[in-house]
1. Output the number of residues of the stretch 54-81 satisfying the condition of being under 20 Å from residue 38 (Cβ atoms), open to solvent by 80 Å² or more (accessible area, probe 1.4 Å) and among the acidic types (Asp, Glu).
2. Looking for something of a type in the set (S, T, N, Q) and in contact with a Gly (Cβ under 8 Å, 6 or more places away or on another chain) - is there at least one such residue anywhere in the stretch 46-57?
3. Name the single residue that is farthest from residue 78 (Cα to Cα) among those in the stretch 37-53 being out of contact with any Pro (no Cβ under 9 Å at 6 or more places or on another chain) and open to solvent by less than 50 Å² (accessible area, probe 1.4 Å).
4. Restricting attention to the stretch 5-18, and to residues there that are open to solvent by 60 Å² or more (accessible area, probe 1.4 Å) and in contact (Cβ under 8 Å) with a residue 12 or more places away in the chain, which single residue is farthest from residue 51 (Cα to Cα)?
5. Could you go through the stretch 19-36 and let me know if any residue there is touching a Pro at 6+ places or on another chain (Cβ under 7 Å) and open to solvent by less than 40 Å² (accessible area, probe 1.4 Å).
6. Taking the stated definitions as given, is residue 84 among the hydrophobic types (A, V, I, L, M, F, W, C) and either open to solvent by 90 Å² or more (accessible area, probe 1.4 Å) or under 19 Å from residue 12 (Cβ atoms) (or both)?
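The values are calculated or read from the model by the stated rules, or taken from the named source; none is laboratory data. Being a predicted model, the structure only gives us computed values, none of them experimental. So basically every Cβ, Gly included, is an ideal-geometry build from the backbone, and we count neighbours across all protein chains shown. For accessibility, only protein heavy atoms count, side chains too; no ligands or nucleic acids. Shrake-Rupley method; radii C 1.70, N 1.55, O 1.52, S 1.80 Å.
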Amino acid sequence: LKIKPDMGEAHVGEGAYLVSMQRWAEAEAEVSRGLALGSEEPEKGYYFRGLARWGQENFKGAYFDFQKASELKPSWALPRQQMANFKVTPAG
């Protein structure tokens, strides 16, 4: 990050590390920065941001991030497994 601060992958990786440390708000900000800069594997960014949002009890945001990760890489099981934690009902 010090050498190339505009590298999206580095920010996503830093966010993943922060998720592992349960530093949820910092992780969300870092992954969001990485996604904004562009990433070769954005599904990973959405997945880790979903975990960070889950940790902050932003369940709606987490669900949409897991859903986006699953859309970007349908063969990846982890986002689908996380989505199984939700019960989605129609608004109204």
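1. Number of matching residues: 1.
2. Residues of the stretch 46-57 of a type in the set (S, T, N, Q): 56.
Cutting the leftovers down to in contact with a Gly (Cβ under 8 Å, 6 or more places away or on another chain) gives us none.
No, the stretch 46-57 contains no residue that is of a type in the set (S, T, N, Q) and in contact with a Gly (Cβ under 8 Å, 6 or more places away or on another chain).
3. This residue is 38.
4. Filtering the stretch 5-18 down to residues open to solvent by 60 Å² or more (accessible area, probe 1.4 Å) leaves 5-7, 14, 17.
So of that shortlist, the ones also in contact (Cβ under 8 Å) with a residue 12 or more places away in the chain come out as 6-7, 14.
Numbers: 6: 23, 7: 21, 14: 14 Å.
Looking at residues that are open to solvent by 60 Å² or more (accessible area, probe 1.4 Å) and in contact (Cβ under 8 Å) with a residue 12 or more places away in the chain, I get 6.
5. Applying the first criterion (touching a Pro at 6+ places or on another chain (Cβ under 7 Å)) to the stretch 19-36 yields 35.
Of the ones still in play, those that are also open to solvent by less than 40 Å² (accessible area, probe 1.4 Å) are 35.
Within the stretch 19-36 (the criterion being touching a Pro at 6+ places or on another chain (Cβ under 7 Å) and open to solvent by less than 40 Å² (accessible area, probe 1.4 Å)), the answer is yes, since at least one residue qualifies.
6. Working: among the hydrophobic types (A, V, I, L, M, F, W, C): yes; either open to solvent by 90 Å² or more (accessible area, probe 1.4 Å) or under 19 Å from residue 12 (Cβ atoms) (or both): no.
Answer is no for this residue.
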